[in-house]
Amino acid sequence: MAKRIKFPDSSPDSVLDVFEAIKRAFIHRGLFRQRAEVKKKAEKSPRQKKLESVTRKSHEILFKADTVFPFTLFPDTVTLDREKVSFAKRFFFGVAQVTSVPVRDILSVEADIGPFFGSVHTSSRFFITSPKSVNWLKRGDAIRLQRLLQGYIIAHEQEINCDNIKKEKLLALLNDLGTGRTG
């Protein structure tokens, strides 16, 4: 048995409640049909399609490296995807300063390589005077990150669209393009 709620007679809720009850009774007995809401599939504009495409591509991580633990108590992270490179500098558990830079805005990449560790320094249009640095990376990670970023810089200078290239092929091409040959 349903509990009845009593409203004062002058209350607008009592009037609306009566109409709603009558409507539900007619629908329940089949005297009225409930309108099925037809959801029209909204046509997507070209800009919306482009935004969705760029968003999907930005979730595809091409390279990720963390600094080595004993030398940094809270390991920093550098992440490269198809659209940007992100630097996460950690200060404490769950605390980080994250800086993201579009790949097309990176001006130069330098890598300092030692026998075991390396560091990568990037300068961008936004921080020309103070380049972003990631220290205490594994030697191989520092070399690979520098090559991939340098390859991306060259590809953007040549106005090459890398959007439709598969991940494995893109990594191989950028690594080859960014490899500096000396001597």
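Read-outs: derived from the displayed coordinates by stated rules, not from any lab. Keep in mind it's a predicted model, so treat the numbers as computed, not measured. Neighbour counts run over all protein chains shown; Cβ positions are idealised from the backbone, glycine included.
Relative to a virtual label point 7 Å from the Cα of Arg56 in the Cα→beta-carbon direction, which members of the range 80-119 show backbone nitrogen distances below 18 Å?
Once the point is set 7 Å along Cα→Cβ of Arg56, 81-84 turn out to lie under 18 Å by backbone N, inside the range 80-119.
Can you compute the label reach from Asn135? Point 7 Å from Cα along the Cβ direction, backbone N cut-off under 18 Å, restricted to the range 78-114.
78, 87-92, 97, 110-114
Work out how much length Phe127 to Asp176 would gain on full extension: take 0.36 nm times their residue separation and subtract the Cα-Cα distance, in nm to one decimal. Show your work: numbers first, answer last.
Numbers: separation 49, 0.36 × 49 = 17.64 nm, distance 2.71 nm.
Roughly 14.9 nm would be gained on extension.
Mind giving me the nanometre distance, one decimal, between the label points for Leu73 and Glu168, set 7 Å out from Cα along Cα→Cβ?
If labels sit at Leu73 and Glu168, their model points lie 4.3 nm apart.
Within 10 Å of each residue's Cβ, count the other Cβ atoms and sort Arg29, Arg139, Arg90, Arg181 from fewest upward. Can you show the working numbers first?
Working: Arg29 8, Arg139 14, Arg90 18, Arg181 4.
So the ranking, lowest neighbour count to highest, is Arg181, Arg29, Arg139, Arg90.
Express in nm, to one decimal, how much length is gained between Lys49 and Glu159 on full extension, taking 0.36 nm for each residue of separation and deducting their alpha carbon distance.
Numbers: separation 110, 0.36 × 110 = 39.60 nm, distance 2.18 nm.
Fully extending the segment from Lys49 to Glu159 adds 37.4 nm.
Of the options Ser108, Ile153, Val68, report the single residue whose Cα projects farthest towards the positive end of the charge dipole of the range 60-178 (beta-carbon charges: Lys, Arg +1; Asp, Glu -1).
The one lying farthest along the dipole's positive direction is Val68.
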